[in-house]
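J.: Let me give you the structure first, and then I'll get to my questions.
Please treat every number below as a calculation from the coordinates, not as lab data. Since this is a predicted model, take the numbers as computed values, not measurements. Note: ideal-geometry Cβ built from the backbone for every residue, glycine included; neighbour counts use all protein chains shown.
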């Protein structure tokens, strides 16, 4: 009983805590302190200014230029970032790290914190396996060795980088939350073994690992999607009650989790308005159509939750643009008024609102102190890849027409939002003709698509991979969907009922398939999330600076959940966990060794190496899809082949992500310097 009371309820059980600590251990091992995408400069500067009490960017703490920060917007003679939700959420981490940095070097602190996480992870694995003392000893020794070996190699991390580090820590914590939420969702519908595999696989076998230390919004949205999946699955259960940790009160599970879901969606809008709106629509539609009951009181509670959840979003809009419906993202871009702003030698920003009319003297220009151009990058981003170009045309929700000034008219925001929706609809219609090519390049095979995207920002390197090329495990989802579709066409009732039954009586079909099976209702929500984000970004993909289709990264938790729902995959995980783990480890080792040999022999460029991964991963994806289809047809009763196919597909992504972080894209200082030694010892690109 005492252990149960001490157990962190947010993790569900000891295995959930182990998944969380394991996720942080993995992403922290390859963490690089640096700017990978130039958009991060604007968010980091917004965070640093917020920490000093300024909503506007009054001082540039990061980057030598304003032109190298495509995330800046200009409103009433002041500069703002277009994403304040992420900056506000990172504020507590900023203050905590700043306080710690006053007593010790930031680089040493990062090593020590990561070593503590690794030690805690080892101990928690021992708790799960019933060997806490032994694993705790191993973890303590390992943590001590990591600290002792890393301290002499630590490169000092300037205290000024606290803002960047805080954003990176926030992103990594979001990935940890994603892993736990997927674990709990999969465990809820399929059992503990599938849950552990899904939680660990969310980090180790998807590109979330790579993007964890790149403080973009995608990891935060992915965490919200994962949490919503778990809350949705739990709230669809038959009416019951759960004990909340606050004062031990009992509340109805369905209503509490549904209301909390609407509150959480508001945070997404605070980070990115259009993703928040899409997620609100998807979650609301799935919730209201699959709930067992929706009374007036429930609708009132949901309306209040939406209002409260969107309050930070509205408040920020009013503070920046003066319009509750116009987020900073839709304000005029800095580039429309770049000649009006200057930067002093100490980073102070002077614009039309505060420039003196008497001296008229600017210490610096919109470029650097030596007269660099406004569009010139500071050289701290990711080398010669597309990341130097930033996301100046990031879809959708980029700056509106520069001629539009912020308005205090309460109807102006609605009109502007309507114009944006209309513009998006026009873009969608324009790209509909190239839909087959876009879908193929985005989801199946990347290669070169000169007619769809621009490669000059990548130095003509084809470094962007498709969804299946970067996530070959999702071949299992594809195989499961094809098998289910075939079963429906063939008239198998176990796959969802005959098509004729659906057409004749959709209400009865809904009552039989959805209302009687909570897991299937969650499946509908997961599929809706994938479809929603796919539709949102369809007109803009494929795009440079996406690498692993990062705009669809929020859909990854939903796809991992759906993978665990595929019977062929779940059965392999449940019946042969040791074979799965052993084959996965062997495949990762073999893949890294083969990649090292191929790199030394072929000496490929980054684009060639990425395309080699693409072909190998696509082959692994196809094999897994075939294995799932064969199993669904009843021709494969031996789980060993399926287990090997699942493990190989997961290992393929792990090899890709490790190579990307240790060889292909080095953009900063490794927080754990021992990893740098490994990267130097194993040179993939000869």
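J.: Quick one: give the max-minus-min coordinate of the C-alpha atoms of the stretch 11-215 along each principal axis, largest first, in Å.
T.: 62, 44, 25
J.: Could the peptides 546-559, 295-308 be put in order, highest first, of the mean number of other beta-carbon atoms found within 10 Å of their residues?
T.: Highest mean packing first, the order is 546-559, 295-308.
J.: At a 10 angstrom cut-off on C-beta neighbours, averaged per residue, how do the peptides 609-616, 66-73, 580-587, 152-159 rank from highest to lowest?
T.: Per-residue mean Cβ counts within 10 Å order the peptides as 66-73, 609-616, 580-587, 152-159.
J.: Related question: Taking R0 as 30 Å, what's the FRET efficiency between residue 260 and residue 295 from their Cβ-Cβ distance, rounded to 0.05?
T.: With a Förster radius of 30 Å, E is 0.95.
J.: Starting from the Cα gyration tensor of the stretch 253-348, take the square roots of the eigenvalues, sort them a ≥ b ≥ c, and report rounded, prolate or oblate (rounded when a/c is under 1.5, otherwise prolate if a/b is larger than b/c, else oblate).
T.: It comes out prolate by the Cα gyration axes.
J.: Taking a ≥ b ≥ c as the square roots of the eigenvalues of the Cα gyration tensor of the stretch 48-130, is the shape rounded (a/c under 1.5), prolate (a/b larger than b/c) or oblate?
T.: Verdict is prolate for the stretch 48-130.
J.: Still on this structure: What is the distance in Å between the Cα centres of the stretch 523-594 and the stretch 620-681?
T.: Computed from Cα coordinates, the inter-centre distance equals 11 Å.
J.: I've got another one for you. For 597, 623, 57, what's the fewest-to-most ordering of other Cβ within 10 Å of each Cβ?
T.: Exposure proxy ranking, most exposed first: 597, 623, 57.
J.: Once the piece of chain linking residue 144 and residue 10 is laid out straight, how much longer is it, given 0.36 nm per residue of separation minus the C-alpha distance between them?
T.: Full extension of this stretch gives 45.4 nm more.
J.: Please order 423, 63 by the number of other Cβ within 10 Å, starting at the fewest.
T.: 423, 63
J.: On to the next question. Please sort 140-146, 329-335, 89-95, 654-660 by packing, taking for each peptide the average over its residues of neighbouring beta carbons within 10 angstrom, highest first.
T.: The densest-packed peptide leads the list: 654-660, 329-335, 89-95, 140-146.
J.: Now, a different point. Please say if the stretch 1-112 is rounded, prolate or oblate, where rounded means a/c under 1.5 for a ≥ b ≥ c the square roots of the C-alpha gyration tensor eigenvalues, and otherwise the choice is prolate for a/b larger than b/c and oblate otherwise?
T.: In terms of gyration-tensor shape, prolate.
J.: Further question on the same structure: Taking the beta-carbon count within 10 Å as an exposure proxy, list 272, 188 from fewest neighbours to most.
T.: By the 10 Å Cβ count, ascending, the order reads 188, 272.
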